[in-house]
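Heads up: the structure comes next, in structure tokens.
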Amino acid sequence: MKNFLTLALVLGTILLTNAQTNAVDYSRKVSTKGYAEKEVTPDIIYLSISLKEYFLDGNTKKKITIEDLEKQLYNAAISNGVKKEDFTIQNIYSYNYETKKKSQELLQARQYRIKITDLSKLNTLFDNVDAKGMESTSISGYDHSQKKQIEKELKTEAVKDARINADILATADGQKVGKALVISDNSNFNFNDYLPQPRMMSFAKTASAEGAVADESLNIDIKPIKLTCNVDGVFELL
């Protein structure tokens, strides 16, 4: 019985001490939020491009194969500064050229993903690719070559903002702010979160009224996006 009372007394003392410590800790802290933002224009884009086989002049015996089209696209990409590892196949599928015929040949189609790091080459990227074999293309992703540095700058500014806010609150109560006790980063620097609604752009050649054939120009408007950083900070009160 004596041992039980001693144990209960020790436990009670520990709990009381912890409660007092917690009460003191919470009375000497100030919690704030920090925010920073920056507009950045992506300097890397990912293009999704679909190629498809077709019959030359409607002649089912003369086919432009997917291999020929892929070679054209690959050579064009490499000559415009795309690295070999940045040219990948995303999907392979087939389609019917003429659904009304009983005996029909399935034509092949492939979808590619190309990483473009030199945006000045966009307008010449498809100059040597058969436009009739290009089904569509769209922007599938954004990125930036200095993303890590941008993240660092924004996080630094957000933490500074949190401290400024803490100083404002502390000064209003006649106190001073000490070191940061807790800093929580609530940011997600994913450029693709800011990707606009996918816009498909056809590259098929169009015939004019005079019967001439004109190429559709590639016009991709890459606008700045606003990156934001949010942090929660807990600072010591002196």
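Results, tabulated for the structure shown:
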read-out	value
In segment 54-79, the residues that are assigned to a loop (DSSP other than H, G, I, E, B) and either more than 14 Å from S94 (Cα to Cα) or touching a Lys or Arg at 6+ places or on another chain (Cβ under 6 Å) (or both)	N59, T60, K61, K62
Test: residue in segment 100-116 that is surrounded by 16 or more Cβ atoms within 10 Å (Cβ to Cβ), of a type in the set (S, T, Y) and under 21 Å from the mean Cα position of the chain (by Cα)	yes
Residue list for segment 134-152, filter: surrounded by 15 or more Cβ atoms within 10 Å (Cβ to Cβ), part of a helix (DSSP H, G or I) and not aliphatic (A, V, I, L, M)	K147, E151
Tabulated pairs, segment 149-176, first closer than 16 Å to E236 by Cβ, second part of a helix (DSSP H, G or I) and of a type in the set (G, A, S), C-beta under 8 angstrom, 6+ apart or interchain	K176/A170
Filter result for Q197 (surrounded by fewer than 17 Cβ atoms within 10 Å (Cβ to Cβ), at pLDDT 90 or above and either farther than 30 Å from E53 by Cα or not basic (K, R) (or both))	no
The lone exception for I78 - which of (1) more than 26 Å from the chain's Cα centre (by Cα); (2) free of Cβ contacts under 8 Å to residues at least 12 places away in the same chain it fails	(1)
Total residues in segment 40-65, condition touching a residue at least 60 places away in the same chain (Cβ under 8 Å) and surrounded by 13 or more Cβ atoms within 10 Å (Cβ to Cβ)	15
Residue in segment 83-91 that is closer than 30 Å to S120 by Cα, at pLDDT 95 or above and surrounded by 13 or more Cβ atoms within 10 Å (Cβ to Cβ) present	yes
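The values are calculated or read from the model by the stated rules, or taken from the named source; none is laboratory data. All values reported here derive from a predicted model rather than from experimental measurement. Here Cβ is always computed from backbone atoms with ideal geometry, including for glycine, and neighbour counts include all displayed protein chains.
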